[in-house]
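Scroll down for the structure; my scribbles are underneath it.
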Amino acid sequence: MVDVDLSQPPFMLLDDEGRDHVRRGMDLAYFEPDTIILETGEKGEYVFLIHKGEVAEIDTTLPAASARIGHYTAGDLFGAISILNGKSRYRFQAEQECLCYLMPSTLFTQLCQQYPSFEQFFRQTLAHKARLLTEKRAEGGVTMAGFMLAKVSECMRQPLLMDASISIAGAVKKLNDSHADSLLVETQGRLGMVTKTDLLNGLVIEGYTQDALIDQVAHFTLVTVTPEQYLFEALVLMTRHKVTRVVVMEQSTLKGVVELTDVLSYFSSRSYVVSLQVEQANDLETLASASHRTPELVSALMAQGVKLRFAMDLLAVLNGRIMNKAWEFTVDEQHHSQSCLMVMGSEGRGEQILKTDQDNGLILADDAQWPDVAENMQALTNTLITLGYPPCPGNIMVSNPQWVASVTEWKKSIARWADVRDGDSLMKLAIMLDAHSVAGNPRLLEGVREALFERCARDEILLSYLARTALRFSTPLTLFGSLKKPQHGIDIKKGGIFPIVHGVRTMALERRIGVTSTLGRLKALADDGRLERRMADDLGEALSLLTELRLKQQLSSQEINDTHSNRVIVQELSSLERDLLRESLHIVKDFKQHLSHRYHLEYS
Amino acid sequence: MSSMQGIDKYAALFGRSLRGVIKRERDRRRYANTPYAWLFQPYMGEELVALACQVTPGETPTISLAAVILDQQQIHLSQAWVATFSGPQAACEKTLRRHRELYNIETTLLFSVQTLKGLADFIGNRPLIGWQLDQQLSTLNDAFNDHLGFGLPNAQVDVAKLHQRQLRRRHPLVEAPCQFSDALTCWQIPAIATRGLLGKATASALLYMRLQRDMTQSG
């Protein structure tokens with residue numbers, strides 16, 4: 001018999017007899033560190049109650065870094081869900097010396113039958129856990145932490161201030177006009193709050209007429225905060241005083257009102273809010289405000305340590321949606337099926353983090369009837385500028401008639417570029433290779449891409465011309481393999497990112513791979529057998545690291561002009577980062593050698 | 001007799017006195033054709049029995065006893081054997097109550113062939129472990145001898161000796177504490193939520209497991 005403390009849930013759901021059963025039925029087990037207590041897929045025979053030590057719950061299907069999905073310490077219970085499910089979904093492993101009380105499965109199932117609320121507890125935790133896990137996956141690990149630091153000033157509304165001499169009827173009218181929930185009245189230097197509930201109570205319960213003065217129903221004891229206070233403090237105040245709005249005052253001047261609904265919507269995960277805003281936007285203005293919040297979202301995600309890959313995916317989706325909306329606002333619906341808006345360059349690859357220049361083009365169906373296409377496209381470009389996408393300095397935009405053409409014309413230009421093979425044509429080909437449709441009819445782009453592959457994939461000379469560009473910039477490594485350390489920093493875009501992106505792009509063209517993201521192409525190339533799996537993985541990691549370094553640089557120097565943002569000053573990096581950077585550049589160097597071997601660039 | 005003692009001392013290196021070995025062999029032959037024969041067979045399994053005993057001496061002594069089976073990993077607390085043995089006299093009532101309260105024991109049994117056989121069946125031929133086992137078992141062995149004609153024949157591991165030996169091995173110059181509670185703190189055995197004699201038996205089982213691990217680690 002064991003005298004365990006059974007006053008905690010779930011055991012508090014049992015009566016004395018049930019608890020006595022538990023006490024009499026428990027055994028004790030000792031596990032050495034790293035012992036696997038319960039293996040994935042193993043049949044659960046016991047419910048474990050930890051007396052001492054720590055146990056990790058491990059999902060063996062995940063990579064090692066994220067495999068540890070749960071952690072149990074003294075007093076925690078595990079293994080119950082394995083019994084209910086029949087087998088364990090995850091692996092439980094002792095992290096330290098562990099002493100656990102064991103409840104045999106027969107006893108556990110017997111208790112579940114006798115006490116439905118006891119069973120309900122575990123069913124609930126099962127559902128709860130499943131929900132937590134899906135949330136974790138959906139959000140890519142977004143947490144509340146960053147939003148706890150939001151200030152009141154970021155979330156307050158303009159106050160609706162009224163004179164005390166106004167009547168109740170007038171006040172209701174004004175409230176309706178301004179879509180507000182509450183108003184403030186000022187009388188004899190004091191501020192009072194009137195909510196809709198107050199008005200109702202005043203009219204119905206107190207029996208005031210509609211002409212009665214508003215200050216008779218007002219409350220003059222206000223809960224106030226300053227704009228500099230944290231938002232969660234306001235939330236705490238609301239909870240404590242059981243009110244749903246607080247007044248923001250700064251040195252006895254009225255600044256605004258914070259409502260409970262505002263706070264709650266602010267606290268709900270912000271990536272969700274931004275995407276929701278984009279979806280709900282019905283006019284350009286709301287879309288623009290949502291669009292301008294994306295850089296903020298990026299910083300928040302990065303600050304929380306979200307993997308760059310996931311942040312990029314999220315941003316690519318958001319940007320796609322924003323452009324799609326802008327397209328819907330500016331282009332008449334009858335043209336949607338006859339045309340295809342494509343984004344190119346980094347946007348096409350889904351690798352832009354901050355808003356970069358708009359690189360886009362339009363493909364028209366051969367039989368499209370669209371006389372005022374030029375004006376429409378000019379409008380679209382302008383719209384995108386207002387949404388925060390700066391114009392492209394190379395003028396690769398739909399406002400430029402060169403980048404608006406029918407399918408046949410596009411095919412012709414591609415053939416011409418492939419024949420000419422000068423610097424400009426090669427660049428256009430490369431840009432075209434990254435094209436990705438964001439709005440309109442995506443079939444049109446597929447047709448053009450097919451023609452591009454048909455023309456270029458087997459053209460060895462063209463491929464080697466294309467590949468040579470990847471070798472244009474030298475890798476910033478010294479003869480002895482250490483990092484070069486010039487005063488002004490090394491350009492990681494030219495030295496690291498570009499060779500990977502362009503080399504992979506060329507190989508993808510050769511293998512006719514339709515995916516546009518570099519990581520996706522690497523995976524496809526590895527599946528295809530063109531690249532060794534290890535090399536593909538290394539290149540992906542190197543690219544992620546370089547992009548991350550570049551993003552850090554860009555976030556810290558957002559105002560400084562573009563040339564500096566690609567430069568990383570080696571001396572400022574930590575030794576670990578320096579080591580990683582050196583390794584990545586070595587990978588880039590190896591890849592360049594691979595390219596020059598494959599495309600015979602040794603003597604060119 | 002002195003030569004016998006000398007041989008005893010030599011034989012003690014093997015964990016058992018020569019006299020004990022001879023006695024055991026004699027008993028095994030003697031009980032070969034009785035229901036108790038299996039108790040004298042050497043044990044081949046992996047389980048052990050941790051014992052804790054508390055004795056109030058007297059004309060017929062009162063013995064409280066907790067026995068729990070353990071294997072490599074588990075201590076089968078749910079199947080523990082806990083009871084107080086007493087003589088038939090009513091005068092023992094006070095002692096019995098004290099035993100019940102102090103050692104948290106619910107079952108009271110009379111010394112008889114039947115009850116002792118029940119205990120022997122529970123223990124079987126598994127090895128016994130316990131803190132200062134010789135002292136704890138002496139009265140129980142007398143009772144066994146009185147009623148069944150033999151003392152507990154099981155192999156015995158004294159955790160106290162194991163503790164002393166292992167501590168001396170690790171820290172040759174340190175005087176080993178010989179209190180049970182000191183030994184528990186010394187080897188960082190967590191307190192177990194079990195009171196009374198069963199708690200003591202469990203603690204000695206845990207201490208045994210801990211020492212076993214320490215011995216395999218230190219080679």
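The values are calculated or read from the model by the stated rules, or taken from the named source; none is laboratory data. For clarity, every value in this text was computed on a predicted model and none was experimentally measured. Positions of Cβ are backbone-derived with ideal geometry, glycine not excepted, and every protein chain shown enters the neighbour counts.
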> Can you pull out the residues in region A:33-51 that are modelled with pLDDT under 85, in contact with a strand residue (DSSP E or B) (Cβ under 6 Å, 6 or more places away or on another chain) and either over 12 Å from A:Ala94 (Cα atoms) or of a type in the set (Lys, Arg) (or both)?
Replying inline: A:Thr40
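Here is a list: B:Leu65, B:Leu51, B:Leu116, B:Leu96. Which entry is more than 14 Å from chain A (Cβ to nearest Cβ), surrounded by 16 or more Cβ atoms within 10 Å (Cβ to Cβ) and under 20 Å from B:Met209 (Cα atoms)? Let's see the steps before the verdict.
Working: B:Leu65 fails: under 20 Å from B:Met209 (Cα atoms); B:Leu116 fails: under 20 Å from B:Met209 (Cα atoms); B:Leu96 fails: under 20 Å from B:Met209 (Cα atoms).
Going through B:Leu65, B:Leu51, B:Leu116, B:Leu96 in turn, the sole match is B:Leu51.
Could you list, in sequence order, the residues of region A:230-265 that are among the polar types (S, T, N, Q) and either buried (at least 16 other Cβ atoms within 10 Å of the Cβ) or over 28 Å from the mean Cα position of the chain (by Cα) (or both)?
Residues of region A:230-265 among the polar types (S, T, N, Q): A:239, A:244, A:251-253, A:261, A:265.
Across region A:230-265, the qualifying residues are A:Thr239, A:Thr244, A:Gln251, A:Ser252, A:Thr253.
Do we have A:Thr209 as assigned to a loop (DSSP other than H, G, I, E, B) and not aromatic (Phe, Trp, Tyr) here?
On the way: assigned to a loop (DSSP other than H, G, I, E, B): yes; not aromatic (Phe, Trp, Tyr): yes.
So A:Thr209 passes the test.
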> Of the residues that make up region A:420-440, is at least one under 31 Å from the mean Cα position of the chain (by Cα), surrounded by 19 or more Cβ atoms within 10 Å (Cβ to Cβ) and under 20 Å from A:Gln369 (Cβ atoms)?
Replying inline: yes
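Only one residue in A:Leu531, A:Leu525 is in contact with a Leu (Cβ under 6 Å, 6 or more places away or on another chain), under 30 Å from A:Arg421 (Cα atoms), aliphatic (A, V, I, L, M) and not in a helix (DSSP H, G or I), so which one is that? Walk me through it before giving the result.
Details: A:Leu525 fails: not in a helix (DSSP H, G or I).
Answer to the check: A:Leu531.
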> Among the candidates A:Val504, A:Val570, A:Val515, which residue alone is among the β-branched types (Val, Ile, Thr), at pLDDT 90 or above and in contact with a helix residue (DSSP H, G or I) (Cβ under 8 Å, 6 or more places away or on another chain)?
Replying inline: A:Val504
> Can you tell which of A:Asp215, A:Asp198 is without any contact (Cβ under 8 Å) to a residue 24 or more places away in the chain, assigned to a helix (DSSP H, G or I) and of a type outside the set (S, T, N, Q)?
Replying inline: A:Asp198
> Of B:Thr139, B:Thr108, which residue is touching a residue at least 12 places away in the same chain (Cβ under 8 Å), more than 23 Å from B:Gln41 (Cα to Cα) and touching a Lys or Arg at 6+ places or on another chain (Cβ under 8 Å)?
Replying inline: B:Thr108
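Evaluate region B:75-91: report whether one residue or more is aliphatic (A, V, I, L, M), under 15 Å from the mean Cα position of the chain (by Cα) and away from chain A (no Cβ under 14 Å).
Residues of region B:75-91 that are aliphatic (A, V, I, L, M), as a first pass: B:75, B:77, B:80, B:82-83, B:90-91.
Keeping just the survivors that are under 15 Å from the mean Cα position of the chain (by Cα) gives B:80, B:82-83.
In the following step, the residues that additionally are away from chain A (no Cβ under 14 Å) were identified as none.
Taking every residue of region B:75-91 in turn, none turns out to be aliphatic (A, V, I, L, M), under 15 Å from the mean Cα position of the chain (by Cα) and away from chain A (no Cβ under 14 Å).
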>> touching a Gly at 6+ places or on another chain (Cβ under 8 Å), of a type outside the set (Ser, Thr, Tyr), buried (at least 17 other Cβ atoms within 10 Å of the Cβ) and without any contact (Cβ under 8 Å) to a residue 60 or more places away in the chain: is that true of A:Leu585 in this structure?
In response: no
> Does B:Thr60 fit the bill of being of a type in the set (Val, Ile, Thr), modelled with pLDDT under 85 and more than 19 Å from the chain's Cα centre (by Cα)?
Replying inline: yes
>> Only one of A:Tyr115, A:Tyr101 is among the aromatic types (Phe, Trp, Tyr) and more than 14 Å from every other protein chain (Cβ to nearest Cβ). Can you tell me which?
In response: A:Tyr115
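Residues are listed down the side, and each one gets a yes or a no for (1) closer than 30 Å to A:Leu49 by Cα; (2) within 14 Å of another protein chain (Cβ to nearest Cβ); (3) within 11 Å of the chain's Cα centre (by Cα):
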site: B:Ile123; (1), (2), (3): yes, no, yes
site: B:Pro127; (1), (2), (3): yes, no, yes
site: B:His147; (1), (2), (3): no, no, no
site: B:Arg168; (1), (2), (3): no, no, no
site: B:Val174; (1), (2), (3): no, no, no
site: B:Phe180; (1), (2), (3): yes, no, no
site: B:Leu184; (1), (2), (3): yes, yes, no
site: B:Ala201; (1), (2), (3): yes, yes, yes
> Which of (1) over 30 Å from B:Glu59 (Cβ atoms); (2) surrounded by fewer than 13 Cβ atoms within 10 Å (Cβ to Cβ); (3) not acidic (Asp, Glu) is the odd one out, the single condition B:Asn145 does not satisfy?
Replying inline: (1)
>> Give me the residue from region A:1-32 that is under 47 Å from the mean Cα position of the chain (by Cα), facing chain B (nearest Cβ under 9 Å) and surrounded by fewer than 17 Cβ atoms within 10 Å (Cβ to Cβ) and, out of that set, modelled with the highest pLDDT.
In response: A:Glu32
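Take region A:192-221 and flag every residue that is among the aliphatic types (A, V, I, L, M) and surrounded by 19 or more Cβ atoms within 10 Å (Cβ to Cβ). Can you show your working first?
Here is the first cut: in region A:192-221, the residues among the aliphatic types (A, V, I, L, M) are A:193-194, A:199-200, A:203-205, A:212-214, A:217-218.
Once the filter is applied, which keeps residues that are among the aliphatic types (A, V, I, L, M) and surrounded by 19 or more Cβ atoms within 10 Å (Cβ to Cβ), region A:192-221 yields A:Met193, A:Val194, A:Leu199, A:Ile214, A:Val217, A:Ala218.
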